[in-house]
1. Output wanted: per-residue J couplings in Hz (rounded whole) for region 38-50, from phi through Karplus 6.51 cos²θ - 1.76 cosθ + 1.60, θ = phi - 60°, x for Gly and Pro.
2. Near the amide H of residue 29, under 5 Å away, which other amide H atoms are found, from residues 5 or more places off or on another chain, if H is placed in the peptide plane?
3. Between residue 25 and residue 67, take the C-beta separation as r, use R0 = 25 Å, and let me know the FRET efficiency to the nearest 0.05.
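The numbers here are math on the coordinates, done by the rules we state, and not lab data. Worth saying up front: this structure is predicted, and the values here are computed from it rather than measured. Counting neighbours? That spans all protein chains shown, and the Cβs are built from the backbone with ideal geometry, glycine included.
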Amino acid sequence: MLRSLVGSEMGIRESNKINNMLKDKVAIVTGGTRGIGRAIVELFANNGARVAYTYLNSDQKAKEIDSSLG
């Protein structure tokens, strides 16, 4: 499965250095519903990146990520 989130629509503050690096960037994360992959999805999306992520069997976890990040 492939999901896509748009972090830039979340009203992130421009003063964040990471945000400036990730604004208008696109990231593809494999294994995005668990562990390090999930942390990366959340970090990137919360800092302005457009994020697409893959997962194998974690439909419920993918829905949770979608809901929490917008």
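1. 5, 4, 5, 4, 5, 4, 5, 4, 6, 10, x, 7, 8
2. 52, 53, 54
3. It comes to 0.60.
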